[in-house]
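The values are calculated or read from the model by the stated rules, or taken from the named source; none is laboratory data. No experiment lies behind these values; they were computed from the predicted model shown. When we count neighbours, we look across all protein chains shown, and the Cβ atoms used for this are built from the backbone with ideal geometry, even at glycine.
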Amino acid sequence: MNLPAQHPLRQAIAQAVQDVKSQSPMAPSFTNFVTMNFVANAQLACGGSAAMSFIATEFDAIAALAKSAYINVGTLLPSYSDALHAITADLNESAKPWVLDPVAAGLGQTRTDILTDMQHNPPTIVRGNASEIIVLAQLWGLDCGSSSHGPEGVESADDVQSAMEPARLLARFMAEHTPSGQAAVAVSGEEDLITDGTQTFRLHGGSPLMTKITGAGCSLGGVTATYLSVASPLVAALAASMLYNVASDAAAQALDALNQCDSCAPVRQALPAGPGTFQALFLDALAAATAEQVSAAEISEC
Amino acid sequence: MNLPAQHPLRQAIAQAVQDVKSQSPMAPSFTNFVTMNFVANAQLACGGSAAMSFIATEFDAIAALAKSAYINVGTLLPSYSDALHAITADLNESAKPWVLDPVAAGLGQTRTDILTDMQHNPPTIVRGNASEIIVLAQLWGLDCGSSSHGPEGVESADDVQSAMEPARLLARFMAEHTPSGQAAVAVSGEEDLITDGTQTFRLHGGSPLMTKITGAGCSLGGVTATYLSVASPLVAALAASMLYNVASDAAAQALDALNQCDSCAPVRQALPAGPGTFQALFLDALAAATAEQVSAAEISEC
Amino acid sequence: MNLPAQHPLRQAIAQAVQDVKSQSPMAPSFTNFVTMNFVANAQLACGGSAAMSFIATEFDAIAALAKSAYINVGTLLPSYSDALHAITADLNESAKPWVLDPVAAGLGQTRTDILTDMQHNPPTIVRGNASEIIVLAQLWGLDCGSSSHGPEGVESADDVQSAMEPARLLARFMAEHTPSGQAAVAVSGEEDLITDGTQTFRLHGGSPLMTKITGAGCSLGGVTATYLSVASPLVAALAASMLYNVASDAAAQALDALNQCDSCAPVRQALPAGPGTFQALFLDALAAATAEQVSAAEISEC
């Protein structure tokens, strides 16, 4: 059942979206090289500020100026195992909340070692696809009977529903090991599941065109970190995913309108607008989405 | 002479384009940092899937899930010499076909050492500009009297025709050292030459605007790897280059239409659409191109 | 007071813009991973050519083919301290002029060590925001009583005016230690200050939308290096910054025209064009700007 318009969560989400627009918080990222330009532009578009770093001492210096941070293990280099160990230890020592995107969890020993090590300095939010959430819960010994069919590269091999229990277990584990006692897990897919370990919410909407551009998930992780600068883990995860659903729907509608626009017919009959145009429209939509629109997106409690 | 419409090669090319759209194969890349976002988006646009990695154990784990791979030596890091030696050995041990883009071949000792070493574990397809193809043949001791005027950075200093014999020698050498016994070389330029060492084809078309955006060649290499997941080296190289010619022509036509559109005159008189808009339109065109359109592109045997 | 239309500087700026369009000089970059695609596309759009490298021997080999180079310390890796020491020594030994973008100067020990070391092999142009210029002057012991409020990540915490004296001191120091005896510093902000240590100029214009896309400053540094291939440090710095002001204003006007275009109303009422569309329009505008337009931009001597 869709949460009522006056639900306190909706108000907190609207507040988070508004606070990012007015405070422009900088959330530094240690993220993959493929999509980091898109991550930075998405953080800027929603009103935040971006900075990227890949050396522990540098990252710590930037994180000291920030209220939250983002780590994404998409592309690894030999120096990253030590760097990420030091960085996660520093973040947790300074009680700085951070978001993990466990890209391609389960693929390769270096990645497995890095993600396994993070159990000792866990994040505040994990955002991933279903396979990544299931695998991460397994790596951390939070067994719940679920097993992943994946990974199949960076795409999910499992449906969102099958990650519900692992997501809850992860959220509870992180909440227990996080200074604030609060944590959240966001499972992205055709529908999204977001849980703080106690309550679980289901989000609908979001355009399938998002799977046709690289970095949709990575940049959602970055924007989640931006919101984590101004909100609790649950509210930050909900606000970012709802923003993404609202913005991707708006961009998809604008793409349709472009392709059906009579006055543009000579252009679009030759070449329908597709993923290249969609990517630009999506950044436009991230910037255009209002706190009211984001907080009014469909959300139901499981 | 343009190949007849019913030529078996055209049918195989149409099949490859269609198979990528329906099977969505993932072809992992070890590619340069400048253009990797564009490589990934181009692979997605043509219907494939992307994953990037720069550590040997990680790359091997991803490649084990794939039917082909892509290596591009555009930007090197100190760890790459060992990583690429291990990766190319692993690819060839597991008889996995792969595409090499020998970006800026001849420039710098590290690059020369890496490309020279690849003779021991050769790729299945090489795609490069004329200078890169000539230099690579020289590095591998496949001397044919050609000598490059280059390199001049990452741009070709030689014309396509002068790379014809080096391309054939390279293709024959790779075919002899590849488990399948099949290989191909694609020389990109104003016109493209594509050879399997026996037959050589010439492709026309393709917009000169492609030289105004970074990553045209790199992303063509990635898309060639995507097609290599579902087709022979010759068919994959032809299909990818013909797709690029068809799509860049379509994007250039759409750009012209935008600039001549009466209803957009207030926008375009102030600022004609140029390379920024072209980049988005090109991704749109990669996604819009049909198997029929690609396989019908002009192609003649030399 | 706006410089008169026939001022020799305006003629030199027009010449530089034209020479880049006709000679297409390649200016290699050692630059950060976040924005390097945008740097390369900006260099291509203004008529130049791009190449990126992160290993000293490779960079030196590329730089040997070039007339200028660009170094940006935005994202560091462990190998960079040694690489940048060797590269800057090689550039200065071969009397090759180069542009430094001291991104986030003052943040982290590795960055501080790298920037401090560059005093021994100084650049020919420094382009940065006010905080970066003030901090760099302090790192080099060029004390002038100014102190930075920053850094606050990668954004400036100081206004442009407060960097005027540090900029002049930096320019004089570099001029004394540069073979040509000429150097310049460009301080970017709402207005830009550009000085060769003797004369100081103030530029107006430029759209605030440039702060909504990542890489505006980084790519300006790259384009400055492109102009440095064909012009003196002062003329190169002025030409690049004036191009950016002209192009960002043109892109912002085109964005407004798109959003007010009656025939596009169904598209734009659903979703106003924003930062995603602006990024593409800005590259279009870089390519469209003429030597006459750039050299006619507002510029006054302080």
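When you look at C:Val39, is it in a loop (DSSP other than H, G, I, E, B) and surrounded by 24 or more Cβ atoms within 10 Å (Cβ to Cβ), yes or no? It is false that C:Val39 is in a loop (DSSP other than H, G, I, E, B) and surrounded by 24 or more Cβ atoms within 10 Å (Cβ to Cβ).
Filter region A:42-68 down to the residues that are in a strand (DSSP E or B) and closer than 18 Å to A:Asp101 by Cα and list them by number. Result: A:Ala50, A:Ala51, A:Met52. Of all residues in region B:42-58, those that are among the small types (Gly, Ala, Ser), facing another protein chain (nearest Cβ under 8 Å) and surrounded by fewer than 24 Cβ atoms within 10 Å (Cβ to Cβ) total 1.
Entry remark, region A:15-36: residues being within 7 Å of another protein chain (Cβ to nearest Cβ) and either surrounded by fewer than 21 Cβ atoms within 10 Å (Cβ to Cβ) or part of a helix (DSSP H, G or I) (or both) number 1 in total. Could you say whether any residue in region C:185-200 is within 14 Å of chain B (Cβ to nearest Cβ) and among the hydroxyl-bearing types (Ser, Thr, Tyr)? No - not one qualifying residue is present in region C:185-200.
When region C:251-264 is filtered for residues that are part of a helix (DSSP H, G or I) and not small (Gly, Ala, Ser), the ones remaining, listed by number, are C:Gln253, C:Leu255, C:Asp256, C:Leu258, C:Asn259, C:Gln260, C:Asp262, C:Cys264. Taking the options C:Ala95, C:Ala66, C:Ala104, C:Ala61, name whichever one is crowded, with 20+ Cβ neighbours inside 10 Å, touching a Pro at 6+ places or on another chain (Cβ under 6 Å), away from chain A (no Cβ under 12 Å) and of a type in the set (Gly, Ala, Ser). From the options C:Ala95, C:Ala66, C:Ala104, C:Ala61, the qualifying one is C:Ala66. In region C:282-298 there is at least one residue that is hydroxyl-bearing (Ser, Thr, Tyr) and buried (at least 18 other Cβ atoms within 10 Å of the Cβ). Taking every residue in region B:147-160 that is at positive phi and pairing it with any residue that is part of a loop (DSSP other than H, G, I, E, B) and at pLDDT 65 or above, at least 6 positions away or on another chain, the pairs with Cβ-Cβ distances below 8 Å are B:Gly153/B:Ala104; B:Gly153/B:Leu107; B:Gly153/C:Leu65; B:Gly153/C:Ala66. In region A:261-284, is there at least one residue being touching a residue at least 12 places away in the same chain (Cβ under 8 Å), within 16 Å of the chain's Cα centre (by Cα) and under 24 Å from B:Gln43 (Cβ atoms)? Checked region A:261-284: at least one residue is touching a residue at least 12 places away in the same chain (Cβ under 8 Å), within 16 Å of the chain's Cα centre (by Cα) and under 24 Å from B:Gln43 (Cβ atoms). For region B:278-302, which positions are assigned to a loop (DSSP other than H, G, I, E, B) and within 11 Å of chain A (Cβ to nearest Cβ)? The answer is B:Ala289, and nothing else. Out of the residues in region B:192-211 that are of a type in the set (S, T, N, Q) and within 27 Å of B:Phe278 (Cβ to Cβ), which is surrounded by the most Cβ atoms within 10 Å (Cβ to Cβ)? Looking at residues that are of a type in the set (S, T, N, Q) and within 27 Å of B:Phe278 (Cβ to Cβ), I get B:Ser207. Within region C:120-132, is there a residue that is surrounded by fewer than 20 Cβ atoms within 10 Å (Cβ to Cβ) and modelled with pLDDT of 95 or more? Yes: one or more hits. Here C:Ile87 passes the criteria (1) closer than 30 Å to C:Ser24 by Cβ; (2) among the hydrophobic types (A, V, I, L, M, F, W, C); (3) surrounded by fewer than 24 Cβ atoms within 10 Å (Cβ to Cβ) except the one numbered (3). For C:Met52, the conditions (1) of a type outside the set (Ser, Thr, Tyr); (2) modelled with pLDDT of 95 or more; (3) under 27 Å from C:His204 (Cα atoms) are fulfilled apart from (3).
Taking C:Ala12 as the residue in question, decide whether it is assigned to a strand (DSSP E or B) and either surrounded by fewer than 23 Cβ atoms within 10 Å (Cβ to Cβ) or within 11 Å of chain B (Cβ to nearest Cβ) (or both). Against the criterion (assigned to a strand (DSSP E or B) and either surrounded by fewer than 23 Cβ atoms within 10 Å (Cβ to Cβ) or within 11 Å of chain B (Cβ to nearest Cβ) (or both)), C:Ala12 does not qualify.
For region C:53-66, does any single residue satisfy the condition of being among the acidic types (Asp, Glu) and out of contact with any helix residue (DSSP H, G or I) (no Cβ under 8 Å at 6 or more places or on another chain)? No, region C:53-66 contains no residue that is among the acidic types (Asp, Glu) and out of contact with any helix residue (DSSP H, G or I) (no Cβ under 8 Å at 6 or more places or on another chain).
Take the residues in region B:257-277 that are out of contact with any Lys or Arg (no Cβ under 9 Å at 6 or more places or on another chain), of a type outside the set (S, T, N, Q) and facing another protein chain (nearest Cβ under 7 Å), then tell me which one is farthest from B:Ile213 (Cα to Cα). It comes out as B:Pro266.
Do you know which residues across region B:211-242 are closer than 19 Å to B:Gly189 by Cβ and within 14 Å of chain A (Cβ to nearest Cβ)? Across region B:211-242, the qualifying residues are B:Ile213, B:Thr214, B:Gly215, B:Ala216, B:Cys218, B:Ser219, B:Gly222, B:Val223. Filtered by the rule that a residue be surrounded by fewer than 24 Cβ atoms within 10 Å (Cβ to Cβ) and in a helix (DSSP H, G or I), region A:265-274 gives A:Ala265, A:Pro266, A:Arg268, A:Gln269, A:Ala270.
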